[in-house]
Structure formats: C-alpha cells, structure tokens
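None of the figures in this text is laboratory data; all of them are computed from the coordinates on show. Here the structure is a predicted model, which means the values were calculated and not measured. Methodologically, a virtual Cβ is constructed for each residue, glycine included, from the backbone with ideal geometry; neighbour enumeration extends over all protein chains shown.
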Amino acid sequence: MDKIICVSLGGSGVTNSSGIDKKSVKKFIKVLERNKKYRFVVVVGGGKPARMYIDSLRHSGLSNQFLDSVGILVTRLNAFAVKEFAPKSLKVYPKIVETLKEAKVARKKSRVVFMGGLHPGITTDGVTALVCEAVGSKLLINLSSEAYVYDRNPTLPGAKRFEKLSYDQLLALARKYGRPQPGLNFIFDITASKIVKKSKIEVRFAGYSPESFAKAITGDHKGTTVR
Ligand code: UTP
C-alpha cells in the first residue's frame, strides 16, 4: 500500500472574502497530481467564510457549540467545492467524509479523500491528527499562512521561529497560546498537539504555496518540523 499523507489545508489558502479562491485550489490539486505515488487525506479549513459566519453570530446568546457547528459546516462546504476541481485520474473518494470510520473505508477505496471538520471544540488541525491515527498515517502536513511555529505572536517584535520542535515543545506552545475559541486559533490546536505526540506523527509546517506543499511532501520544505 502506498504511503498515506494527511494534509491540513488551512481555509485561508483556498478561500478569500468572496468565497473559493479557484486559482489557489487548482495549484493545490496540481501538486496532488504530480505526487501520484502517495495517498492523501485532505482536511479543508474554514478560512474567511467560516470566520465571517462565526463573527456575525457571536454575541447573540448562541452557544460556542453552535458557533463551532457553523464552522464545521463551512469547512465541509469548502471541502465540497475543492474536491470538484480534482480530475478523475486522482481517484478521489466521491463524498466528503464526515466521520473517522468513513475515512478508514474511503482511504482503502480511493487515492485522495477530502473532508472538513468533525466535532465542536477542535479545529481542522485536530481533525487531521485524528485522521492520521484512523488511517495509520505517520506524516501530517500543515499548510497555513505561517510556515513556522513561533515562540509568540509572529507580529510581535523579537518573535523567534523554530526550525525544529519536539512534541513536548509544541504542546507547551499550544497550551500557552491555543485556548480553543470558535474561529480564533493558534497555528496548531491543543488536541492536535496531544495526538501527534501520543502517536508519534511527524508534522511539517509549510506555507500555502504549491512549491512549499510539494517540498513538504519530500521533507525539503522551509518551515518547522515537529518530531
Ligand atoms: P478551521 O479549522 O478552519 O479553524 O475551522 P481556524 O484555525 O480558525 O481557521 P483557518 O482555516 O486555519 O484559517 C473553522 C472553525 O470551525 C470550527 C471551529 O470553530 C473553527 O474555528 N470547527 C472546525 C470545529 O468546531 N470542529 C472541527 O472539527 C472543525
């Protein structure tokens, strides 16, 4: 069986304020096409559309669980749209997977599987870590606006970036900065950090560009590696 890689495709990489960023989606799919010797589970994030929905509903007396459920629906909508750009030759699972059980079945039947969120209280990074465990993947690629994990908010003066991190260091940072709040999160959430530590899943952080995604597949990326 070919090696399976789980990708957390940050929503901001494939959406913009008008909806889906078709150009970015097409470039992302091209990288999957050029890497046919791997299988992929791609977990698509919510990006701007999710934030827009969640922000518009915040402070209306609605529960965090409800706001998270709205976020999950948007991630699935994004996944549904992104999947449609993949050609038949990629052997894509025809549905957006909604459970870990379904992910296990889907990965046996297809080369590429798309999904969004799973349950309230986590982010699509947590989902990607859970899916790695479910399908037996030892490599998680995190594509987001930052290719590096920093010791504090990267916009603050003196912020230090890490080339390499241990699982314990990642978890300590997620604990410090990643308190769960619908629509607002640190680069990698606490749940995700705990799971990758427990199951020894290597995490490669890379930017959204197709080049950085392609390089992360081979381990030549410029970004933080956690192992
Ligand atoms: P994302 O995973 O996209 O969160 O899910 P994010 O980190 O805010 O965004 P980007 O895409 O990296 O910019 C969007 C929102 O959906 C809810 C959370 O509220 C999250 O902030 N969500 C998502 C869940 O509650 N559970 C899930 O399994 C996935």
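Taking the average, over residues, of other Cβ atoms within 10 Å as the packing measure, peptides 144-153, 34-43 rank 34-43, 144-153 from highest down. The length gained on full extension between Asn64 and Glu163, counted as 0.36 nm times the residue separation minus their Cα-Cα distance, comes to 32.2 nm. The radius of gyration of the Cα set in region 1-113, together with its Dmax, comes out at 15.1, 49 angstrom.
Think of the chain as having a plus end and a minus end, set by charges on the Cβ of Lys, Arg, Asp and Glu; of Phe205, Ala216, Val149, Ala216 sits farthest toward the positive end of this dipole.
Backbone geometry of region 68-80 corresponds, through the Karplus equation with coefficients 6.51, -1.76 and 1.60 at θ = phi - 60°, to 3J(HN,Hα) couplings of 4, 5, 5, x, 4, 4, 5, 4, 5, 5, 4, 4, 4 Hz, x marking Gly and Pro. Each of Asp55 and Lys198 was given a label point 7 Å from its Cα along the Cα-to-Cβ line. The distance between the two points is 3.4 nm.
Farthest towards the positive end of the charge dipole of the chain, among the residues Asn64, Leu171, Leu9, is the Cα of Leu9, using unit charges on the Cβ of Lys, Arg, Asp and Glu. Once the convex hull of all Cα atoms in region 136-227 is built, its volume per residue stands at 103 Å³.
With the highest mean first, a sort of the peptides 191-199, 19-27 on other beta-carbon atoms found within 10 angstrom per residue produces 191-199, 19-27. Relative contact order (percent) for region 29-127, with alpha-carbon contacts under 8 angstrom and 6 or more residues of separation? RCO, region 29-127: 38 percent.
Neighbour counts of other Cβ atoms within 10 Å put His221, His119 in the fewest-to-most order His119, His221.
If you wrap a convex hull around the alpha carbons of the chain, what volume per residue comes out, as a whole number of Å³?
That works out to 115 Å³ per residue.
Simple spin-label estimate for Leu73 and Arg34 gives 3.8 nm between the two label positions (7 Å along the Cα-to-Cβ direction from each Cα). Listed values for region 93-102 are Karplus-derived 3J(HN,Hα) couplings in whole Hz (6.51 cos²θ - 1.76 cosθ + 1.60, θ = phi - 60°), namely 4, x, 10, 7, 5, 10, 9, 5, 4, 5, and x replaces Gly and Pro. Evaluated with a Cβ-only charge set (Lys, Arg +1; Asp, Glu -1), the chain carries a dipole of roughly 760 debye about its Cα centre, given to the nearest 20.
For Val149, the residues whose amide H sits under 5 Å from its own are Phe162, Thr224, ignoring neighbours fewer than 5 places away on the same chain, with H placed 1.01 Å from N. Under a 5 Å amide H to amide H cut-off, with H placed in plane at 1.01 Å, what residues pair with Arg39 once short-range neighbours are removed? Hits under the 5 Å cutoff: Lys3, Ile4, Ile5.
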